[in-house]
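The values are calculated or read from the model by the stated rules, or taken from the named source; none is laboratory data. Note that this is a predicted model, so its numbers are computed, not measured. Using ideal geometry, Cβ is built from the backbone for each residue, glycine included, and neighbour counts are taken over all protein chains shown.
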Amino acid sequence: MFFHSSVRLFRPQRFCTASPSGFRALCYAGRVSLAALLLLALGGCTQGKPWHETDITGALPALQFTMMRAKDNKTVTAADYRGKVTLLYFGYTFCPDICPTTMANVARIMGGLGNLARQVRVLFVTVDPNRDTLEVLNRYTNAFAPQVDGLRGTPDQLAALARRYRIAYSVTPSPDPAKYEVTHSSAIYVFDKKGTVRLLISSLGTASPDIKGATADIRRLLGEGGAAGLFARLWRLV
């Protein structure tokens, strides 16, 4: 007697496979996804983190000016400083207290940045162009740090720049026309590498300057825009 078996023979099922080109595409997509996730994870460590100095992002226009630079007697504009984190300060070389104190603290910040200071420029705009010749201005700024550029403009150029960033300055009359003082705002504006205003530093001319906080903020700004390089390094890792 013969029995008809109803049991079907097992046949190996065909699993989904990828062609060599498809496999490479899957690997590529996986690497991109992993690198992106790593970037997001790293970005989350700083995104939303408060600044030590005052955040004024978008509150004022982008950096823009045309003036003479003291160190080389050349006409420069904001475009010459693109790609650098730029500090903008208004002062004058005959200033008895606030200006030298502020600039000495700026020099301390530059020293604290180490090699990163090469990516920073400090613009010392004189509010006293009558006495601050380019030679006087260059000698003064050279005493602080190599990153400091003295800038001198015409009265109209100075007034336009002061209006743009809401800087107040005025000459205090004196019996001796050579010994007058100039009252001026003492804060420092910080612009990122694209020329966008980001921070206001107001403590550097005081008895309690926040050197550590200002240095950390500038270091943080210097690290912005480095995602492309970081992505490349992560890509090699994954």
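Please state which one of 93, 86, 102 is within 20 Å of residue 127 (Cβ to Cβ), in contact with an Asp or Glu (Cβ under 7 Å, 6 or more places away or on another chain), in the same structural domain as residue 170 (by TED's automatic domain parsing) and surrounded by 14 or more Cβ atoms within 10 Å (Cβ to Cβ).
It is 93.
How many of the residues in segment 107-153 are outside any helix (DSSP H, G or I), hydrophobic (A, V, I, L, M, F, W, C) and closer than 18 Å to residue 71 by Cβ?
Final tally of qualifying residues: 10.
Within segment 154-199, which strands (runs of 3 or more DSSP E) (wholly inside it) include 3 or more residues that are more than 19 Å from the chain's Cα centre (by Cα)?
It comes to 169-172, 181-184.
Return yes or no: is residue 76 surrounded by 15 or more Cβ atoms within 10 Å (Cβ to Cβ), β-branched (Val, Ile, Thr) and more than 19 Å from residue 145 (Cα to Cα)?
It is true that residue 76 is surrounded by 15 or more Cβ atoms within 10 Å (Cβ to Cβ), β-branched (Val, Ile, Thr) and more than 19 Å from residue 145 (Cα to Cα).
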